[in-house]
Ligand code: AMP
């Protein structure tokens with residue numbers, strides 16, 4: 001299997017990134033579709049596109065996805081209050097939650113947008129070694145069967161147009177939640193028109209909040225951690241993971257689908 005990754009930027013500012021884990025025969029098609037994606041991104045045309053394909057030489061971990069819960073909110077303020085409550089319920093201290101929100105709203109490094117995730121411990125400290133790059137979770141994908149089940153479930157929920165966003169975020173959140181030391185994750189997208197986000201944790205699964213920002217706002221990610229070992233960041237970045245089972249969707253307003 002190969003890890004195929006794409007990263008696109010303009011004037012050294014991150015525009016988009018994506019990744020797949022595929023068989024050798026699928027490298028060409030995958031690279032083609034990732035380049036297409038980089039060239040047609042909502043945030044603009046990049047002046048730099050990097051595509052890499054690297055053989056995976058370590059065992060690939062198989063994981064069942066986090067279960068998805070859908071939470072519908074009327075606007076970003078209500079979404080943020082919901083996310084704060086969920087994070088508090090998971091056990092994240094209030095000052096860490098406030099700090100995380102201000103990084104996502106104002107930028108993580110001198111007001112610049114984020115290209116990866118902040119790792120924050122329970123004292124509110126940032127643990128990434130390079131604060132400008134943050135940490136990018138990598139080497140992860142989902143099987144055709146599991147993604148087909150996810151796609152069908154999203155059709156039933158009227159969310160099929162959000163399939164790609166939800167699929168990629170669910171795979172990332174599933175991998176991150178599986179790494180020892182992760183307590184929770186907070187994310188909302190950097191794509192100007194995509195206002196949904198989520199709070200993910202092993203405890204409560206992937207809680208999708210329909211609105212966490214206003215159109216045009218920047219996005220970002222924070223991984224809240226406790227007691228992580230030396231290998232935490234390496235595992236987030238390097239351990240290959242395939243999600244091979246989809247755990248289902250519950251609509252909190254409408255019962256299990
Ligand atoms: P996106 O939903 O792709 O717009 O991602 C939202 C934010 O999450 C981005 O602005 C990045 O800060 C962060 N992010 C995106 N991809 C990754 C990744 N693979 N690992 C860690 N953080 C990421």
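Each reported figure results from applying straightforward, stated rules to the coordinates on display, with no laboratory input. Note that the structure is predicted; figures quoted are calculated from it, not measured. Cβ coordinates were reconstructed from backbone atoms using ideal geometry, including for glycine residues, and neighbour counts include every protein chain displayed.
Arranged from fewest to most other beta-carbon atoms within 10 Å of their beta carbon, 6, 207, 122 become 122, 6, 207. With N as its number of residues, segment 6-57 has a Cα radius of gyration that, divided by 2.2 N^0.38 Å, comes to 1.17.
Computed over segment 135-185, the range of Cα coordinates on each principal axis works out to 34, 20, 16 Å, biggest value leading.
Hull volume per residue, based on the alpha-carbon atoms of segment 80-148 and their convex hull, is 136 Å³.
Counting only Cα atoms, the size of the chain along its three principal axes is 47, 43, 37 Å, in decreasing order. Treating r as the C-beta distance of residue 234 and residue 39 and R0 as 45 Å, the FRET efficiency rounds to 0.90.
Hey, with R₀ at 41 Å, roughly what FRET efficiency would residue 48 and residue 126 work out to, going by the Cβ-Cβ distance, to 0.05? That pair, residue 48 with residue 126, gives E of 0.95. Compared with the alpha-carbon gap, the fully stretched path from residue 85 to residue 106 is longer by 5.5 nm at 0.36 nm per residue. Each listed q (0.10, 0.15, 0.19 Å⁻¹) maps to a log10 I(q)/I(0) for segment 1-89 from the Debye sum over equal C-alpha point scatterers, namely -0.46, -0.82, -0.90. Sorted on the mean count of surrounding Cβ atoms within 10 Å across their residues, most packed first, peptides 171-182, 131-142, 12-23 read 171-182, 131-142, 12-23. Taking label positions 7 Å along the Cα-Cβ direction at both residue 143 and residue 26, the computed distance is 1.2 nm, reported to one decimal.
Listed from fewest to most Cβ neighbours within 10 Å, the set 95, 204 follows the order 95, 204. Run through every distinct alpha carbon pair of segment 204-257 and return the Kirkwood hydrodynamic radius in angstroms, one decimal place. By the Kirkwood definition, the hydrodynamic radius is 15.3 Å. Label-to-label distance, residue 64 versus residue 161, with points set 7 angstrom from Cα along the beta-carbon direction: 3.3 nm. For segment 173-237, the fraction of alpha-carbon pairs lying more than 20 Å apart is 33 percent, rounded to a whole number. As a rough footprinting exposure proxy, the listed residues 170, 71 were ranked by other beta carbons within 10 Å of their own, and the order from fewest upward is 71, 170.
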